[in-house]
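First the structure, in the form of structure tokens, and then the observations on it.
The values are calculated or read from the model by the stated rules, or taken from the named source; none is laboratory data. Just so it is clear, the model here is predicted, and its values are computed rather than measured. Backbone-built Cβ (ideal geometry, glycine too); neighbour counts: all protein chains shown.
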Amino acid sequence: MIDDVLVIGAGIVGAACARTFAAAGLQVTVVERGAAAGGTSAAGEGNLLLSDKQPGAELVLAQYSATLWPDTVADLTAELPGTFPSVEFEQKGGLVVATTEPGAQPLLDFAARQSDSGVDARPISTAEALVLEPDLNPAITAAVHYPEDSQVQPTIAAEALLASARVRGVRVITNTRVTGPILSASGDLVGVQTSKGDLHAGHVVIAAGPWSGEVAAALGVNLPVKPRRGMVLVTTRMPHRVFHKVYDADYVGATLSSDAALQTSSVVESTASGTVLIGSSRQQVGFDNRFDVHVLAEIAAKALRLFPFLAGMSVMRAYGGFRPFMPDHMPLIGADPRLPGLWHATGHEGAGIGLALGTADIITALMTGDQPPIDPTPYSPARDSLAPFLDSDDAARLSDASAATADDTADQAAVSGGAA
Ligand SMILES: Cc1cc2nc3c(=O)[nH]c(=O)nc-3n(C[C@H](O)[C@H](O)[C@H](O)COP(=O)(O)OP(=O)(O)OC[C@H]3O[C@@H](n4cnc5c(N)ncnc54)[C@H](O)[C@@H]3O)c2cc1C
């Protein structure tokens, strides 16, 4: 059997892509080395944020994805049996606060730039912030309300997208690890070797989250996706006292930084079940998944600066995962010009839940020759900003391949008389 598309990885990105590929009429198989939705998509929070994105291509993708979530949730609810758990989509809004005098103006400036890019970012007074969040520490120095921020339960969202993909005919193979490429005589990628035999397909999409670098290496290309560890504390259930996603403006600096050393910032939110999630940390320690009590203590201490009442609450558990970090802070979406047949949908770092739906639409349009809903160039695997993070041979391969692609495009435009 030869599929049109083979998706490697059954996290939220692979699930979303498989679903839209199938909706476009493609025959699709998803291959997953463990259980579906068992990777990073089950190890993070489910925020769908605009508030933490600076103006630029990632924000554009987040804004586009945000427009898709309400209808997608409605479609999933209609398509899946009533017994399927809710994805807990909540358009709750975000509240970002500064806790120091020097932090106030940068937050307001950041919000003003986001506003210019179409984000609903509303600077509010402390009194107004306390109306939104009565238990917030009143000793804040600035606050911005982001009504467009929302939330899902990420594991259930990934499972629901995958279940919907199955309804559309997608085959999902679990407990099967991709180990190597199958190449045609001309060197194109036409399938993969797995721990349970060969799988053939016209296109192979790496959606393996933080393991995408390893999978790409197994298929013969270098990809600078690295794991970035994050940890979250979970309280016991309580009556709702946190109503928005509330975080310290330091969080934005942490998401935009490439620093490998530990960074923590306060991020506090309730879940539908009544627990409070307290995050988060960022640290590049490879795939070391041991809990570090110092990290957890730092996260807890910072959360108390936002919500002092949490001092009297019990923590029930902690969990953590590995964000798929890209050194140029941009997801990778599109065909890899170094290896015909290979595609990427990965590198979403701490925003893959929010960005999964937009990613799926873009890659599906690129694969089927449709007009992508937004300009895909900034996410292209052939972009120049990746070259410094590849070894020189690989960077040269990428640059040659992208120059050849540009020449082809120019030739085609000349033949068709296009001069856009
Ligand atoms: C603490 C923390 C908090 C976060 N909070 C948020 C948030 O609030 N909002 C948000 O949008 N994002 C958040 N994220 C980021 C988000 O979780 C990720 O960006 C997203 O889950 C990535 O999804 P994925 O499908 O690319 O990867 P994954 O979910 O990791 O899926 C990849 C899959 O590939 C499989 N795989 C790997 N190797 C192979 C192989 N050789 N063969 C077959 N299969 C393979 C893995 O088993 C895995 O299931 C957070 C992450 C962390 C760690």
**Prompt:** Within the group Pro378, Pro327, which residue is over 16 Å from Val13 (Cα atoms), in contact with a helix residue (DSSP H, G or I) (Cβ under 7 Å, 6 or more places away or on another chain), part of a helix (DSSP H, G or I) and modelled with pLDDT of 85 or more?
**Reply:** Pro378
**Prompt:** Among the residues of region 260-275, is there at least one that is more than 13 Å from the ligand (Cβ to nearest atom), in a helix (DSSP H, G or I), surrounded by fewer than 19 Cβ atoms within 10 Å (Cβ to Cβ) and free of Cβ contacts under 8 Å to residues at least 24 places away in the same chain?
**Reply:** no
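Checking the structure you have, find out if any residue of region 241-258 is touching a residue at least 24 places away in the same chain (Cβ under 8 Å) and farther than 22 Å from Leu49 by Cβ.
No, region 241-258 contains no residue that is touching a residue at least 24 places away in the same chain (Cβ under 8 Å) and farther than 22 Å from Leu49 by Cβ.
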**Item:** Residue, farthest from the ligand (Cβ to nearest atom), within region 1-35, restricted to residues that are of a type in the set (Gly, Ala, Ser) and surrounded by 24 or more Cβ atoms within 10 Å (Cβ to Cβ)
**Value:** Ala18
**Lone qualifier among Val152, Val144, Val167 - being within 15 Å of the ligand (Cβ to nearest atom) and either under 24 Å from Ile299 (Cβ atoms) or under 25 Å from the mean Cα position of the chain (by Cα) (or both)** = Val152
**Message:** I'd like to check something: does region 276-290 contain any residue that is more than 15 Å from the ligand (Cβ to nearest atom) and outside any loop (DSSP other than H, G, I, E, B)?
**Reply:** no
**Request:** Show the residue pairs that are 6+ apart or on different chains and have beta-carbon atoms under 8 Å apart, the first residue being within region 9-35 and touching a residue at least 60 places away in the same chain (Cβ under 8 Å), the second being of a type in the set (Phe, Trp, Tyr) and more than 6 Å from the ligand (Cβ to nearest atom).
**Result:** Val28/Phe21
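For every residue, the table says whether it meets (1) within 16 Å of the ligand (Cβ to nearest atom); (2) in contact with a Ser or Thr (Cβ under 6 Å, 6 or more places away or on another chain); (3) among the β-branched types (Val, Ile, Thr).
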{"residue": "Phe325", "(1), (2), (3)": "yes, no, no"}
{"residue": "Thr346", "(1), (2), (3)": "yes, yes, yes"}
{"residue": "Gly358", "(1), (2), (3)": "yes, yes, no"}
{"residue": "Thr364", "(1), (2), (3)": "yes, yes, yes"}
{"residue": "Met367", "(1), (2), (3)": "no, no, no"}
**Message:** Can you report the number of residues in region 170-197 which are near the ligand (Cβ under 10 Å from one of its atoms) and basic (Lys, Arg)?
**Reply:** 1
**Item:** Search result, residues across region 209-232 that are touching a Ser or Thr at 6+ places or on another chain (Cβ under 9 Å) and under 20 Å from His294 (Cβ atoms)
**Value:** Pro227, Arg229, Gly230, Met231, Val232
**Message:** If I filter region 243-251 for residues that are part of a helix (DSSP H, G or I), surrounded by 15 or more Cβ atoms within 10 Å (Cβ to Cβ) and under 19 Å from the mean Cα position of the chain (by Cα), do I get at least one hit?
**Reply:** yes
**Complete:** Of all strands (runs of 3 or more DSSP E) fully inside region 124-190, the set with 3 or more residues that are touching a helix residue (DSSP H, G or I) at 6+ places or on another chain (Cβ under 7 Å) is 142-146, 178-183
**Message:** So for region 297-314 (the condition being in a loop (DSSP other than H, G, I, E, B), more than 16 Å from Leu136 (Cβ to Cβ) and under 20 Å from the mean Cα position of the chain (by Cα)), does at least one residue qualify?
**Reply:** no
**Asked** Considering only region 217-228, how many residues are more than 8 Å from the ligand (Cβ to nearest atom), among the aliphatic types (A, V, I, L, M) and in contact (Cβ under 8 Å) with a residue 12 or more places away in the chain?
**Response** 4
**Request:** Pick out the one residue from Ala43, Ala98, Ala24, Ala15 that is assigned by TED's automatic domain parsing to the domain that holds Ala345 and in contact with a strand residue (DSSP E or B) (Cβ under 7 Å, 6 or more places away or on another chain).
**Result:** Ala43
**Asked** Does Ala360 satisfy the condition of being crowded, with 21+ Cβ neighbours inside 10 Å, assigned to a helix (DSSP H, G or I) and touching a Cys at 6+ places or on another chain (Cβ under 9 Å)?
**Response** yes
**Asked** Just a yes or no: is a residue in region 198-213 within 14 Å of the ligand (Cβ to nearest atom), surrounded by fewer than 20 Cβ atoms within 10 Å (Cβ to Cβ), more than 28 Å from the chain's Cα centre (by Cα) and assigned by TED's automatic domain parsing to the domain that holds Thr364?
**Response** yes
